[in-house]
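Participant: What follows is a single structure, and I will ask about it in a moment.
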Amino acid sequence: MEMKLLVLAGLFGLSLGQHDPHMKHGRTSIVHLFEWRWADIATECERYLAPKGFGGVQISPPSESIVVTNPWHPWWQRYQPISYNLCSRSGTEEELRDMITRCNNVGVRDCQLVGLLDLAMEKDSVRGKVAEYMNKLIDMGVAGFRMDACKHMWPGDLSAVYDRLHNLSTKWFSSGLKPFIYQEVIDLGGEPIKASEYFGLGRVTEFKYSAKLGTVVRKWENEKLCYLKSWGEGWAFMPSDKAVVFVDNHDNQRGHGAGGASILTFWDARLYKMAMGIMLAHPYGVTRVMSSYRWDRNFENGKDKNDWMGPPSHGNGSTKAVPINPDTTCGDGWVCEHRWRQIRNMVNFRNVVDGQPISNWWDNGHQIAFGRGSRGFIVINNDDWNLRETLSTGLPGGIYCDIISGDKLGGGCTGKQIRVDKDGRAHFSISNWEDDPFIAIHVEAKL
C-alpha cells in the first residue's frame, strides 16, 4: 500500500495530543499551498500567512519521487516516492530547512505531506525506518503529518509508528508535545473500513463535509441553506474534535477521491466563496483552506482529460515561482484562493470568534444568518430574490465594516458598513445578483 504524510511545521501551540494542531494562540486554520516551492512558502509565511492570521501551512511531499515525462511532469508524480531523500520539485533539503525555520519563526506551522513506498508495515524494521524519516522532519521543526490513504493501513501498524515519534522541537514548541496527526480516510457511509477506527490515533478527514456542503450550496437534491441549522454531527458527520474539514482538496477538485460533481472549487468562484464563508464561520472541525493553480481543462464525456496537469512550470518541468500582482493576487497560473479578500478575511473571522457558540440563528429557505456569541455574525443569501431583514446579531452597538465587500482601513471601511443598534439588531440588504451574496462582521471590524 501507499503511505503519504503531510507535515505541518511551526504555527502550532500547546497540546499534548495528536488530535490538536498546536496552532499558535488565536489562529485556527491551515492552508494547503499545493505544489509551491519551499522558497516561495517561506516568503509567504513571512509576508502574508502570519500577518493575516493563518495557523499552519500544508506542503506537498518533500521526498524524492519519480520523474514522469508522459504525461509531462504531472502533479501526481510527487506521490510516487523513490527514496527518503528530501529533494523534490519544490526544492532542496536546505531550502526545506530554511522554509520550516522561517515559517516557525513567524508562528506558522508547516504541515508536510510525505509520500512513501509500498511498505510492509507489520515488520518492525519497516516501522523503524518510517519513524526515522518522520523524526528527521520533526527535529527540523515540522509540527504534524497528514497520513494519506490510511484505510489501506492497519490502525495497529500506524500506532506502532506514531509511538516512536519524537516530541516537537522545543526551539518553537513547549516541551512534551507530540506532533499533530491527521489521517485521510474516505468514509462516505457504507464503507467496510470506518473512519472511527482511526479516531484514537489522531484527527481524520471528513469527506462527507465537502460533498454535502457542495450539494447544499448548489441547491441540488432539494437541499436548502436552512438545513444547515444542524450542520456537523447533526448530519451524521464524525465528532467535531476528531475532524479536519475543507470545501475541496487537491484530489476532489479534479474529480478524484470522494465527493463527485458536487465539490465546489475556484472554477465556481461565486459559490465557492459562499461555501468557504460557511465553513470558516461555523465551529465544526479544524478547517483547511485550499490554494490551487489553474490548468487547461478538457472535458470529454464529463471527464477532464487534463486533470493530470502539474503546476505552472518551465520548459524543463521545474516549478515556477509564485508572482504577486499589485492587487495582492497571484499571477502566472497560480490561483491563491487564500489571498482572495473574502477568504482571508473569513480566516480571521474564525480566529476572532474562536470558542464562541452558534447564536441568533435565522433562516428563510435559501437564506440564513447566525452569530458566534457576541463576537461575530454572518448573513448569506443563496436565493433567487433579495434579502432584506432586520436581525438580532448579538454584537455590541456600533458601526461595523463588512469584511466580505471590503476591509476596515484606518477609521473607515473600503466596503459596506453595517450599523448595529444598542439592542444588537441590524438591517441587512443583500441582492441575489451580487458577486458575493453574503455579509460578515466581527468585533475587530468595528469602527
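The values are calculated or read from the model by the stated rules, or taken from the named source; none is laboratory data. In this text, all values refer to a predicted model and were calculated from it rather than measured experimentally. Using ideal geometry, Cβ is built from the backbone for each residue, glycine included, and neighbour counts are taken over all protein chains shown. Surface areas here come from the heavy atoms of the whole protein model, side chains and all, with no ligands, DNA or RNA. Shrake-Rupley method; radii C 1.70, N 1.55, O 1.52, S 1.80 Å.
Participant: Tally time: how many residues in segment 249-281 are touching a residue at least 60 places away in the same chain (Cβ under 8 Å), open to solvent by 10 Å² or more (accessible area, probe 1.4 Å) and within 14 Å of the chain's Cα centre (by Cα)?
Facilitator: 2
Participant: Can you tell me which residue within segment 71-91, out of those that are within 21 Å of Gly255 (Cβ to Cβ) and not aromatic (Phe, Trp, Tyr), is most open to solvent (accessible area, probe 1.4 Å)?
Facilitator: The residue in question is Gln80.
Participant: Okay, moving on. Can you name the number of the only condition in (1) in contact (Cβ under 8 Å) with a residue 12 or more places away in the chain; (2) out of contact with any helix residue (DSSP H, G or I) (no Cβ under 7 Å at 6 or more places or on another chain); (3) open to solvent by less than 60 Å² (accessible area, probe 1.4 Å) that Thr287 fails?
Facilitator: Thr287 satisfies all of (1) in contact (Cβ under 8 Å) with a residue 12 or more places away in the chain; (2) out of contact with any helix residue (DSSP H, G or I) (no Cβ under 7 Å at 6 or more places or on another chain); (3) open to solvent by less than 60 Å² (accessible area, probe 1.4 Å) except (2).
Participant: Let me spell it out: the conditions are (1) at pLDDT below 95; (2) open to solvent by 50 Å² or more (accessible area, probe 1.4 Å); (3) within 23 Å of Ile59 (Cα to Cα), and Asn325 meets all of them except one. Which number is the exception?
Facilitator: It fails just one condition, (1).
Participant: Further, regarding this structure: With the condition kept exactly as written, say whether any residue in segment 291-298 is aromatic (Phe, Trp, Tyr), open to solvent by 60 Å² or more (accessible area, probe 1.4 Å) and under 25 Å from Gly331 (Cα atoms).
Facilitator: No, segment 291-298 contains no residue that is aromatic (Phe, Trp, Tyr), open to solvent by 60 Å² or more (accessible area, probe 1.4 Å) and under 25 Å from Gly331 (Cα atoms).
Participant: With respect to the numbered conditions (1) more than 19 Å from the chain's Cα centre (by Cα); (2) outside any loop (DSSP other than H, G, I, E, B); (3) buried (at least 18 other Cβ atoms within 10 Å of the Cβ), which one is the sole condition not fulfilled by Glu132?
Facilitator: Tallying (1) more than 19 Å from the chain's Cα centre (by Cα); (2) outside any loop (DSSP other than H, G, I, E, B); (3) buried (at least 18 other Cβ atoms within 10 Å of the Cβ), Glu132 fails exactly one: (3).
Participant: Filtering segment 316-370 down to residues that are in a loop (DSSP other than H, G, I, E, B) and of a type in the set (Gly, Ala, Ser), which residue is nearest to Met279 (Cα to Cα)?
Facilitator: Ranking the qualifying residues of segment 316-370, first place goes to Gly355.
Participant: I want to confirm something. Restricting to segment 429-447 and keeping residues that are assigned to a loop (DSSP other than H, G, I, E, B) and under 27 Å from Asp383 (Cα atoms), which single residue is most open to solvent (accessible area, probe 1.4 Å)?
Facilitator: Trp433
Participant: Among the residues of segment 299-322, which ones are within 21 Å of Ala261 (Cα to Cα), in contact (Cβ under 8 Å) with a residue 12 or more places away in the chain and open to solvent by less than 50 Å² (accessible area, probe 1.4 Å)?
Facilitator: Within segment 299-322, Asp304, Asp307, Met309 qualify.
Participant: Hey, another quick one. If you take the residues in segment 35-49 that are open to solvent by 10 Å² or more (accessible area, probe 1.4 Å) and acidic (Asp, Glu), which one is nearest to Trp75 (Cα to Cα)?
Facilitator: Applying the filter and picking the extreme gives Asp40.
Participant: Tell me whether segment 171-192 contains one or more residues that are surrounded by fewer than 21 Cβ atoms within 10 Å (Cβ to Cβ), closer than 14 Å to Asn249 by Cβ and within 17 Å of the chain's Cα centre (by Cα).
Facilitator: Scanning segment 171-192, I find at least one residue that is surrounded by fewer than 21 Cβ atoms within 10 Å (Cβ to Cβ), closer than 14 Å to Asn249 by Cβ and within 17 Å of the chain's Cα centre (by Cα), so the answer is yes.
Participant: Same structure again: How many residues does segment 173-214 contain that are farther than 29 Å from Ile138 by Cα and free of Cβ contacts under 8 Å to residues at least 12 places away in the same chain?
Facilitator: 2
Okay, residues lined up against (1) in a strand (DSSP E or B); (2) of a type outside the set (A, V, I, L, M); (3) in contact (Cβ under 8 Å) with a residue 24 or more places away in the chain; (4) touching a helix residue (DSSP H, G or I) at 6+ places or on another chain (Cβ under 8 Å):
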residue	(1), (2), (3), (4)
Leu391	yes, no, yes, no
Pro396	no, yes, yes, yes
Gly406	no, yes, yes, yes
His427	yes, yes, yes, no
